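Here the structure comes first, spelled out in structure tokens, and everything after it is commentary.
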Amino acid sequence: MSASRIVALAAALVLGACATQPEPRGTGDLGLVVERADGKLLRVENSHNTALGEIGGLGDLSHASMVFSRDERYAYVFGRDGGLTKVDLLEGRIVRRVMQAGNSIGGAISQTGRLVAVANYVPGGIRVFDADTLDLVADIPAVGPDGKRSKVVGIADLPGERFIYSLFDAGEIDIADLSDPKAPKVRRFTNIGREPYDGLVTEDGHWYVAGLFGEDGLALLDLWNPQAGVRRILDHYGRGERRLPVYKMPHMRGWAVAGDEVWLPAVGHHEILVIDKRTWTEKTRIPVAGQPVFVVARPDGRQVWVNFALPDYDKVQVIDVPSKRVVETLHPGKAVLDIGFTPKGEQVWLSARDSDWVSIYGTATLKEVARLPAHRPSGIFFTDRAHRMGM
Amino acid sequence: MSPSRYGLLVGGLALFALVAPPGRAAEPSPARQARLAEIVAEDCGACHGMTRKGGLGPPLLTKNLAGYDDRTLATVILDGRPDTPMPPWRGLLSDDDALWIARYLKGETDVR
């Protein structure tokens, strides 16, 4: 080897050593895209729209969702197979993973960030874990009035280390108070309606709404006045109209609150329901291109973006909130499964599963600005959720 | 559509009608089989789990379905189960598609 080659090699080694000490960086623009077919997560950042790498070994990620630690460094990923995985977004690796149930559907992180709760189908109930260690803190079965275990859906955090969730089979809403983690207290609201399929808390923590599959309407609980009990709203909705087959349950997570209005997918109809949040009555319905799955407001509430169930899932529609008009029908790719806005909403990421890419649009121009390759992408999760209640 | 493409399409349909006489179960084409397997994993998977171990709907593993004959299973798929979230797939799936999925779920056939 010549002297000059040796010098070059030494220089490369020194450079290499520096490269192992990366510049410190924040996590506020990071996120994870679910690649469920491979049990992988794609680590991404939304300042320059790039992929930073993949994290594998997460098991069955169909219907996977996640929440973030309050320092926005860690994601807690809830897998369909009951896996709960803590992922380090900075280092791009799994910190810890536990198989906590047979079959689960989602979870939430408490107000202090110390507790992570998982909603389980099998065995029906919630399990609460220490956010640092993933050690089990509490196991709370969901048992209906008939004594049978029930699948749990629509879990969200409430102020005061509490979690709220719905019992699909039992038709019930429960609030678990873990302010003393050793002695959890459960408050139950029974007979809220047939088959609640999902639920959500408004970001101010004031209202919990559960969508009902087994009958028309929604169940509403005023969390600032819970003794008033659960009330049914919009129960006239869809009466006398034939419901279309529902190939995919709509999601209420990421639902749209725009000003005094709440925008929700109408189960089994090609419509979005606009509800007046002051009276909880229907204001109008907006006809759209298929059965809505996600109805998501841009963070400023000026636009609402909608994707659809099979067979209309190659389209995404953009609705102007003040005029309630569909202003654009986009074709971002095949089988668009999720909609994720950047923290201030100048861009939106759309995962096109059957096209193997994530398409990124400018929300002012409604034009595609970038496309990221991803293997059969589904859910898109950015860290700014860390600071939003009910997410 | 140009007239020649139209001609091709009509020809294709005629050919299809010849190889798949109505009333007799016909094996879906290899491309269709691949698509059906994808539908089972992704779209049925939304409720039954991608690995068919269950979710909002019950598990659809081979052992769970052993008691059903193919026709009955195909009928469940096409008509759904009224008053449950199991939707009728008629409209998106043909009789042959449903029968193939029934056999696929029971482990009697695979994508060729």
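With chain A treated as a Gaussian network of Cα nodes joined by springs under 10 Å, which of A:Tyr197, A:Tyr247, A:Tyr76 yields the largest mean-square fluctuation?
Result: A:Tyr247 has the largest fluctuation of those listed.
Distance check, please: which entries in A:Lys151/A:Lys344; A:Lys185/A:Lys248; A:Lys86/A:Lys185; A:Lys148/A:Lys182; A:Lys324/A:Lys344 exceed 32 angstrom between their Cα atoms? Kindly include the intermediate steps, with their values, before the conclusion.
Values: A:Lys151/A:Lys344 35 Å; A:Lys185/A:Lys248 34 Å; A:Lys86/A:Lys185 26 Å; A:Lys148/A:Lys182 25 Å; A:Lys324/A:Lys344 22 Å.
Distance filter (> 32 Å) returns A:Lys151/A:Lys344; A:Lys185/A:Lys248.
Dipole magnitude of the range B:54-104 about its Cα centre, charges +1 at Lys/Arg Cβ and -1 at Asp/Glu Cβ only, in debye to the nearest 20? Could the numbers behind the result be given before it?
Working: 5 positive and 7 negative charges, 37 e Å.
Dipole magnitude for the range B:54-104 comes out near 180 debye.
With +1 on the Cβ of every Lys and Arg and -1 on the Cβ of every Asp and Glu, and nothing else charged, how large is the dipole of the range A:125-257 about its Cα centre, in debye rounded to the nearest 20? Write down the numbers at each step before the final one.
Values: 17 positive and 21 negative charges, 112 e Å.
Dipole about the Cα centre, nearest 20: 540 debye.
Under a Cβ-Cβ cut-off of 12 Å, what is the net charge of the residues other than A:Pro299 that fall near it, where Lys and Arg count +1 and Asp and Glu count -1?
Taking every other residue near A:Pro299 into account, the sum is +1.
For the range A:26-100, which trypsin sites (Lys or Arg not before Pro) pass both filters: DSSP loop (anything but H, G, I, E, B) and at most 16 other C-beta atoms within 10 Å? Before the final figure, lay out each step's value.
On the way: sites: A:Arg36, A:Lys40, A:Arg43, A:Arg70, A:Arg73, A:Arg80, A:Lys86, A:Arg93, A:Arg96, A:Arg97; in loops: A:Arg70, A:Arg73, A:Arg80.
Listed in order of number, the matching sites are A:Arg70.
Assuming 0.692 mPa s and 37 °C, estimate D for the range B:27-105 with Stokes-Einstein, Rh taken as the Kirkwood radius over Cα pairs, in µm²/s.
Values: Rh = 12.5 Å.
Here the translational diffusion coefficient equals 262 µm²/s.
Please report, for the Cα atoms of the range A:180-325, the Rg to one decimal and the Dmax as a whole number; what are they, in angstrom?
Taking only Cα atoms of the range A:180-325, I get Rg and Dmax of 15.6, 51 Å.
Taking a label point 7 Å from the Cα of B:Ala26 along the Cα→Cβ vector, which residues of the range B:96-112 have an amide N closer than 17 Å to it?
B:96-101
Evaluate the distance, in nm, between pseudo-label points positioned 7 Å from the Cα of A:Val327 and of A:Val95 along their respective Cα→Cβ axes.
4.0
Please build a GNM for chain A, connecting alpha carbons under 10 Å apart, and tell me which residue among A:Ala119, A:Ala352, A:Ala138 fluctuates the most.
The residue that fluctuates most here is A:Ala138.
For A:Ser166, what is the net charge nearby, where nearby means another residue's Cβ is under 12 Å from its Cβ and Lys, Arg count +1, Asp, Glu -1? If you can, show how the numbers build up before the last one.
Details: positive: A:Lys151, A:Arg188, A:Arg194; negative: A:Asp169, A:Glu172, A:Asp174, A:Glu195, A:Asp198.
That works out to -2.
Sort out for me the Cα centre separation of the range A:77-111 from the range A:177-208, rounded to whole Å.
So the separation of the two Cα centres works out to 21 Å.
For the range A:296-391, with the dipole built from +1 on Lys and Arg beta-carbon atoms and -1 on Asp and Glu ones, taken about the Cα centre, which of A:Thr383, A:Trp305, A:Val327 lies farthest toward the positive end?
Highest projection toward the positive end goes to A:Thr383.
Is any residue of the range A:265-309 close enough, with backbone N under 15 Å, to a label point placed 7 angstrom from the Cα of A:Glu346 along the Cα-Cβ axis, and if so, which?
Answer for this model: A:299-300.
Among A:Val369, A:Ser359, B:Gly54, pick out the residue whose Cα is farthest towards the positive end of the charge dipole of the protein assembly as shown, where Lys and Arg carry +1 and Asp and Glu carry -1 on C-beta, about the Cα centre.
Going by the Cα projections, it comes out as B:Gly54.
Suppose we take every Cα in the range A:15-170 and form the convex hull; what volume per residue is that in Å³?
Details: hull volume 18.6 nm³, N = 156.
Hull volume over Cα atoms, normalised by residue count, gives 119 Å³.
Taking beta carbons within 10 Å but only from partner chains, what does the mean come to for residues B:45-55?
Details: counts 6, 9, 6, 1, 7, 9, 5, 0, 8, 6, 11.
So the per-residue partner count for this stretch is 6.
A:Ala183 to A:Asp132: extension gain in nm, 0.36 nm per residue of separation minus the Cα-Cα distance? List each step's numbers first, then the result.
Values: separation 51, 0.36 × 51 = 18.36 nm, distance 1.98 nm.
That pair, A:Ala183 and A:Asp132, stretches by 16.4 nm at full extension.
Return one number: the angle in degrees, 0 to 90 and rounded to the nearest 10, between the long axis of the Cα atoms of helix A:3-19 and the longest principal axis of the Cα atoms of chain A.
20
Hey, got the dipole for chain A? About the Cα centre, +1 on K and R Cβ, -1 on D and E Cβ, debye to the nearest 20? Write out the running numbers ahead of the final one.
Values: 47 positive and 49 negative charges, 54 e Å.
I would put it at about 260 debye.
Between A:Arg25 and A:Glu215, take the C-beta separation as r, use R0 = 56 Å, and let me know the FRET efficiency to the nearest 0.05.
Numbers: r = 50 Å, r/R0 = 0.89.
After rounding, the FRET efficiency stands at 0.65.
Rank A:Pro22, A:Ile275, B:Ala102 by how far each Cα sits towards the positive end of the charge dipole of the protein assembly as shown (+1 on Lys, Arg Cβ; -1 on Asp, Glu Cβ) and give me just the farthest.
The one lying farthest along the dipole's positive direction is B:Ala102.
How big is D for the range A:86-157, in µm² s⁻¹ as a whole number, if Stokes-Einstein is applied with the Kirkwood radius of its Cα pairs at 20 °C and 1.002 mPa s?
Values: Rh = 12.9 Å.
In µm²/s, the coefficient rounds to 166.
Counting alpha carbon pairs within less than 8 Å and at least 6 residues apart, what relative contact order, in whole percent, applies to chain A? Numbers along the way, then the final one.
Details: 1068 pairs, mean separation 41.9, N = 391.
Averaging sequence separation for qualifying contacts and normalising by length gives 11 percent for chain A.
Taking springs between alpha-carbon atoms closer than 10 angstrom, which of A:Gln100, A:Gln21, A:Gln111 fluctuates most in the Gaussian network model of chain A?
Comparing A:Gln100, A:Gln21, A:Gln111 in a Gaussian network model of chain A, the most mobile one is A:Gln21.
If we count every other residue with Cβ under 12 angstrom of A:Val95's Cβ, Lys/Arg +1 and Asp/Glu -1, where does the sum land?
Numbers: positive: A:Arg73, A:Lys86, A:Arg93, A:Arg96, A:Arg97; negative: A:Asp88, A:Glu91, A:Asp132.
It works out to a net charge of +2.
How many percent of Cα pairs in chain A exceed 34 Å? It would help to have the intermediate numbers written out before the result.
Working: 21419 of 76245 pairs.
Percent of Cα pairs beyond 34 Å in chain A: 28.
We did not get these values from a lab; they are worked out from the coordinates using the rules stated. From a predicted model like this one, the values you see are computed outputs, not experimental measurements. Note that each Cβ is placed from the backbone with ideal geometry, even for glycine, and that neighbours are counted across all protein chains shown.
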